[in-house]
1. Restricting attention to the stretch 292-323, report how many residues are out of contact with any helix residue (DSSP H, G or I) (no Cβ under 9 Å at 6 or more places or on another chain), open to solvent by 60 Å² or more (accessible area, probe 1.4 Å), outside any loop (DSSP other than H, G, I, E, B) and of a type in the set (Lys, Arg).
2. For the stretch 218-230, state whether one or more residues are over 15 Å from the mean Cα position of the chain (by Cα), closer than 30 Å to residue 33 by Cβ and not aliphatic (A, V, I, L, M).
3. If you check every pair at least six apart or on different chains, which have Cβ atoms under 9 Å apart with a residue in the stretch 185-203 that is farther than 16 Å from residue 175 by Cβ first and a residue that is modelled with pLDDT of 95 or more and of a type in the set (Phe, Trp, Tyr) second?
4. (1) over 12 Å from residue 235 (Cβ atoms); (2) open to solvent by less than 70 Å² (accessible area, probe 1.4 Å): which one isn't true of residue 169, the others all being true?
5. Could you say which residue among 173, 156, 130 is touching a residue at least 12 places away in the same chain (Cβ under 8 Å) and more than 25 Å from residue 16 (Cα to Cα)?
6. Can you pull out the residues in the stretch 24-38 that are closer than 16 Å to residue 123 by Cα, open to solvent by less than 30 Å² (accessible area, probe 1.4 Å) and outside any helix (DSSP H, G or I)?
7. Looking at (1) under 17 Å from the mean Cα position of the chain (by Cα); (2) without any contact (Cβ under 8 Å) to a residue 60 or more places away in the chain, find the lone condition where residue 161 falls short.
8. So which residues in the stretch 174-191 are over 26 Å from residue 122 (Cβ atoms) and open to solvent by 10 Å² or more (accessible area, probe 1.4 Å), if there are any at all?
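The values are calculated or read from the model by the stated rules, or taken from the named source; none is laboratory data. The model shown is predicted, which means the values in this text are computed figures rather than measured ones. Glycine also receives a Cβ, built like all others from the backbone with ideal geometry; neighbour counts cover every protein chain displayed. Quick note on the areas: whole protein, heavy atoms, side chains included, nothing else; ligands and nucleic acids left out. Shrake-Rupley method; radii C 1.70, N 1.55, O 1.52, S 1.80 Å.
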Amino acid sequence: VARCTGWAKREGASMLFLPECLGFMGDSARHTLASADPPIDTLLRRDVPTEADSEVRKMLADAIEGCSREGGNCDGPAGGAAGSHQQGDEPVESIIRELQFVASRAKLWISGGGVHTRTPESGKIHNTHVIIDSDGRIRAHYHKIHLFDVSIPGKVALRESNTTDPGGELVVVDSPLGRLGLGICYDMRFPEMYVELVRRGAEVLLAPSAFTVPTGRAHWHALLRARAIEGQCYMIAAAQVGRHNERRRSYGHSVAYDPWGELLADAGGYDSPGVEACEEEGEEDSPIKAPSVIVVDIVPGRVAEVRERMPIQDHRERATFPR
């Protein structure tokens, strides 16, 4: 994350979008629950961490600085074992807290597209999407509403609800890029959710993800492009890629679509040219070089231009469907 932040800063970006499960991908329910962040309400009450006052934050600061310079050194321990929630000999108390430090250090807004936060009442977690401003303040948080309980024989068998409680509130928030509508991964399959985000003023829809390879091959691009077209919004979907553990691989293809459904950028993944061989067990951990950053321009006025030419939102409000 620190390296990606440095690269984004070097490219002049104003905001960095990170994928679901950005800190670690649990290999079991026990691992996921044990490694979760404190409850979001606890984190909101704490001051923003701005000082490099620990071994972890010194490494993060060094990585941001090194990667933000043209030709700077991006190697080193800050690319290390986030999956164990530890850097060097020092445990990481909270992924979100370290994201706040990274954002404040780089003076960059960050979409933290999926962090597990504890829910003390149930003993489970929320899958939480946080928006952090360039001063390190949490501007908004969204708990994933639609949980991935899916079984495709011989391909996918996951039950997110075993560890996760669903959220219950939609979230939109202002940012330097416009008004953001927050979602996470499986949410993209529910167009009514994104329609309501647009009603509430969303101009840039977000779907940070860790899509499985089989479902990604079948539906990833189609779903994201559809949400962009029907909402007449930008759609940004940062995505995990490659093998995480024996049970999980992610499809990749971090993408951005414009309000007309044009593909602005694709970071690649499975199905990219020349990576088909990585499908087999035992092949390399990722079909592409990762982590990586792609940069796109969000053009002021583009959403309004598209909506003026084809006022879908107005037409939607006028439509009635008698039962």
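1. 2
2. Looking for residues that are over 15 Å from the mean Cα position of the chain (by Cα), closer than 30 Å to residue 33 by Cβ and not aliphatic (A, V, I, L, M), one finds at least one in the stretch 218-230, hence yes.
3. Note: pairs meeting the criteria are 187/194; 188/194; 188/220.
4. Among (1) over 12 Å from residue 235 (Cβ atoms); (2) open to solvent by less than 70 Å² (accessible area, probe 1.4 Å), the lone unmet condition for residue 169 is (2).
5. Testing whether each residue is touching a residue at least 12 places away in the same chain (Cβ under 8 Å) and more than 25 Å from residue 16 (Cα to Cα) leaves just 156.
6. Once the filter is applied, which keeps residues that are closer than 16 Å to residue 123 by Cα, open to solvent by less than 30 Å² (accessible area, probe 1.4 Å) and outside any helix (DSSP H, G or I), the stretch 24-38 yields 35, 36, 37, 38.
7. (1)
8. Result: 174, 175, 176, 177, 178, 179, 191.
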